[in-house]
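Okay, structure first, notes after.
The values are calculated or read from the model by the stated rules, or taken from the named source; none is laboratory data. What you are looking at is a predicted structure, and each value in this text was computed from that prediction instead of being measured. In this analysis, Cβ positions are derived from the backbone assuming ideal geometry, glycine residues included, and neighbour counts consider all displayed protein chains. Protein only, heavy atoms only, side chains kept; ligands, DNA and RNA dropped before computing areas. Shrake-Rupley method; radii C 1.70, N 1.55, O 1.52, S 1.80 Å.
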Amino acid sequence: MKAVELKNKSTDELQKLLIDLRKDQMNMRFQKVGAQLANTSLVRKVRRDIARIKTVMAGLTTAKSVKTAKAAKPETTIAKPTKAKAKA
């Protein structure tokens, strides 16, 4: 699964996909222990897909919080401090 595909999905869809992948991961773990898993490379792919989904979800929540912070708080200008003159 590519990150571009994940960015086009909503947060609810990502959460459902994450739950499904975690269930798959658990089932693969049991199959691996019981020597029933034929393709062990799937474990790695599922683990990486989970990481991709978590990364995209973190980016979405960060982008939302930045938007709300900018909307709630207008930018203010900060006065630069002046240099103090040395007494002679």
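Computed quantities for the displayed model
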item	result
Of residues in the range 28-48 being among the aliphatic types (A, V, I, L, M), assigned to a loop (DSSP other than H, G, I, E, B) and open to solvent by 70 Å² or more (accessible area, probe 1.4 Å), the one farthest from Leu60 (Cα to Cα)	Ala35
Qualifying residue in the range 73-85 (condition: at pLDDT below 95, assigned to a helix (DSSP H, G or I) and open to solvent by 80 Å² or more (accessible area, probe 1.4 Å))	no
Some residue of the range 19-27 being modelled with pLDDT of 95 or more, surrounded by 12 or more Cβ atoms within 10 Å (Cβ to Cβ) and of a type in the set (Lys, Arg)	yes
The range 49-65: number of residues that are open to solvent by less than 70 Å² (accessible area, probe 1.4 Å) and farther than 17 Å from Val4 by Cα	1
